[in-house]
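Input: a single structure, listed below in structure tokens.
The values are calculated or read from the model by the stated rules, or taken from the named source; none is laboratory data. Quantities reported herein were computed from a predicted structural model and do not represent experimental measurements. Cβ atoms come from the backbone with ideal geometry, glycine included; neighbour counts cover every protein chain shown. We work out accessible area using only protein heavy atoms, side chains counted, and drop any ligands, DNA or RNA first. Shrake-Rupley method; radii C 1.70, N 1.55, O 1.52, S 1.80 Å.
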Amino acid sequence: MEQDNTSEDESVGPPEDEAPRRFPLGLSDSEAMEVLWQMRTQRRQAQPDLPDTVTRLTTPEGSVVYLVGTAHFSDSSKKDVATTIRAVQPDVVVVELCQYRVSMLKMDEKTLLKEAKDINLEKVQQAIKQNGVMSGLMQILLLKVSAHITEQLGMAPGGEFREAFKEASKVPFCKFHLGDRPIPVTFKRAIAALSLWQKARLAWGLCFLSDPISKEDVEKCKQKDLLEQTMSEMIGEFPALHRTIVAERDIYLTHTLRQAARCVEAPPNAEKVPAVVVGVVGMGHVPGIERNWDKELNIQEILSVAPPSRFGWVLRLVFKGAMLGALGYACYRAGGGVGRALLSLPAVQSLLENIRPPPA
């Protein structure tokens, strides 16, 4: 299928030989569905010429998953996603988002750019409400990192997911799935997995992140060898963080993609046929998904957050007292008066005034 190379500002109708097909009058619903299904089948390329960032996976039933590895602030990643969806005309598109981040699909680029740069009290309150004080403030620090990249590049995050959402809506019968583990679970498990010293080092590094980044640096993130080297360096620094934020989500994304790749029903007789799926994930998740593809997975294990022990509760209490000031200062740097407003938050007041040990 030919791609549309016109700019977004141009509004041009199709030539006569590419005009939209019209259904004959009097078709029943089932007949119309069959016509649409046949149209999509004709558009689907059997041997598509896809970008180098696409990995092809298969299931025992014959379903095919085209996994698009992306860099989250990359224009070329958006093109890779659009090219793949137009070529394979999928039954399902799965993206590396959860329900807590689905709002980025509905906002325009200008609004998202403003949102990414504006870390305010409302965002702090929402993060703490969803994740708890420590996990919530750590999320704010990671938002600060995203805002730093946004400011450097002048580009809002998640462009490849919005592109996937837009292209999926043009494909008949195509379903759109959110494939990532809920972000509150990820943050809670990440915080629980770090030692006190690792939490302090991570918070300090995020507080004072100021290294410049260019679009060329972002594009390098799509190179698997360079990315794996960077990931290896991160594993050396924070192995527990890598396990919870990357490796566990590799497992969850693999599970979601395999669920999406179940056979689908083809009209008119609801015959079960292999599915075609496009997955859109960060390039850092591609090697893990490939490794996990044929393994038996335990999803419940990575969805639980273990209750704290008494000893752990005491350690966290001491750590929270020290970290609240540091994290509050970091939020102050990131969002103007956010740090000063932290003490007025109900969650923070509850932490400071109503300290009670967990039940025995």
GLU290 accessible area, nearest 10 Å², 1.4 Å probe?
80
Two-site FRET efficiency, ALA200 against VAL305, from Cβ-Cβ distance with R₀ of 30 Å, rounded to 0.05:
0.90
Given the pairs LYS110/LYS166; LYS175/LYS272; LYS106/LYS170, which span a C-alpha to C-alpha distance of over 27 angstrom in this model?
none
